[in-house]
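Please read the structure below before turning to the comments.
Just so you know, all these numbers are worked out from the coordinates, no wet-lab data involved. Values in this document were obtained by computation on a predicted structure and should not be read as measured data. Here Cβ is always computed from backbone atoms with ideal geometry, including for glycine, and neighbour counts include all displayed protein chains.
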Amino acid sequence: MSLQLTRPLCVFDLETTGLQITKDRIVQIAILKVFPDGSSEEFSRLVNPEMVIADESTAIHGVSNEMVKNEATFAQLAPEILAFIGDSDLAGYNSNKFDIPVLSEELLRTGNDFDLSNRRFVDVQNIFHKMEQRTLAAAYQFYCGKTIENAHNAIYDTLATYEVLLAQLEKYPSLAKDIDALADFSKAGDFQLADFAGRLAYNAKKELIYNFGKHKNKSVVQVFKEEPGYYGWMLEADFPLYTKQILRKEMERIKAEKDAVPLEDKLDLLKQKFNKP
């Protein structure tokens, strides 16, 4: 086997009631557990999501409300799922952005602390996107069905690029037509994400920062000093549970560092603050 494993790898896929990580629920889970010796075993279950499956979702994955009404809930299946996964690494297709966050959300929602810190994640979709050509010539062939005859000639490349852009707008009706939105959509991230939802990230100094909203690019430490209530707002708002878990751990670290300051130093800081000798 060409795949080299030091511990099991669980390749898995989820079907859900929809695409909202914080609100939708799992209706089917399938896992292929591959062991370092090349052997494997499978786990597959339908899941009662305890909510209505929209017809649009059933049309995609084929799982209907009738099919799951007598199945176990995720809370009932969670111990079996966790036992099957064990300490395995995880793999899937678009799993870093969807399947892993959804699975984590379901486990945390049902009171199971799913530790992701020591696992490795293989997203086959990302490998596909990085390995296959993403050149202008490949895009021109894919979107326009044409071959660039004078590739790397600036004027021909410019014309081909514009044709590709127009073809993308035609191919994807949901793609915004205005430049502001297109610029934002096509912008690549500058930081290493800390959570799968992309709300938290690490900057060049390895500091945990907010990656959205009015405090974007500010460290969690800085925002806590400037607006301590922002942390509480995030915990109460509709963010993924895993995002909140990362944020809680950072706040615990901040508090631990603060408590570790010697008493003498605390007194000195208070004196400086109130200008007292």
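A few comments on the model shown:
- Helix screen, the chain: DSSP H segments with Cα axial length of 20 Å or more and mean Kyte-Doolittle hydropathy at least 0.0 are 154-171.
- Evaluated with a Cβ-only charge set (Lys, Arg +1; Asp, Glu -1), region 192-259 carries a dipole of roughly 180 debye about its Cα centre, given to the nearest 20.
- Among Phe142, Ile179, Ala160 the positive-end extreme of the charge dipole of region 133-185 (Cβ point charges): Phe142
- Helix-only mean residue ellipticity at 222 nm for the chain, each DSSP H run of n ≥ 4 adding -39500 (n - 2.57), per residue, nearest 500: -13000 deg cm²/dmol
- For region 133-185, a crude dipole built from +1 on the beta carbon of Lys and Arg and -1 on the beta carbon of Asp and Glu, taken about the Cα centre, is about 200 debye to the nearest 20.
- Over region 133-185, the fraction of Cα-Cα pairs per 10 Å bin, rounded to whole percents and listed from the shortest bin up, is 24, 50, 25, 1.
- Neighbour-count ranking [beta-carbon atoms within 10 angstrom, fewest first] of Lys33, Lys177: Lys177, Lys33
- DSSP beta bridge pairing in the chain, given as percent antiparallel to the nearest 5: 75 percent
- Among beta bridges that DSSP assigns inside region 9-127, antiparallel share in %, nearest 5: 70 percent
- Among Phe12, Phe98, a tally of other beta-carbon atoms within 10 Å of each Cβ gives an order, fewest to most, of Phe98, Phe12.
- About its Cα centre, the dipole of the chain is roughly 1120 debye, where the only charges are +1 on Lys and Arg Cβ and -1 on Asp and Glu Cβ.
- Whole-Å distance, taken between Cα centres, linking region 47-111 and region 227-241: 25 Å
- Contour minus Cα-Cα distance for Ile127 and Ala54 (0.36 nm per residue): 23.1 nm
- FRET E, pair Ala237, Ala137, Förster distance 41 Å, beta-carbon r, rounded to 0.05: 0.35
- Modelled spin labels at Lys69 and Ile179, positioned 7 Å past Cα toward Cβ, are 5.6 nm from each other.
- In plain terms, the residue of Ile254, Ile60 with the fewest other Cβ atoms within 10 Å comes first and the most crowded comes last, giving Ile60, Ile254.
- Simple label model, 7 Å out from Cα along Cβ direction - Glu170 to Asn217, nm: 3.8 nm
- Placing unit charges on the Cβ atoms of the charged side chains and taking the dipole of region 192-259 about its Cα centre, the candidate lying farthest along the positive direction among Tyr202, Ile246, Gly232 is Tyr202.
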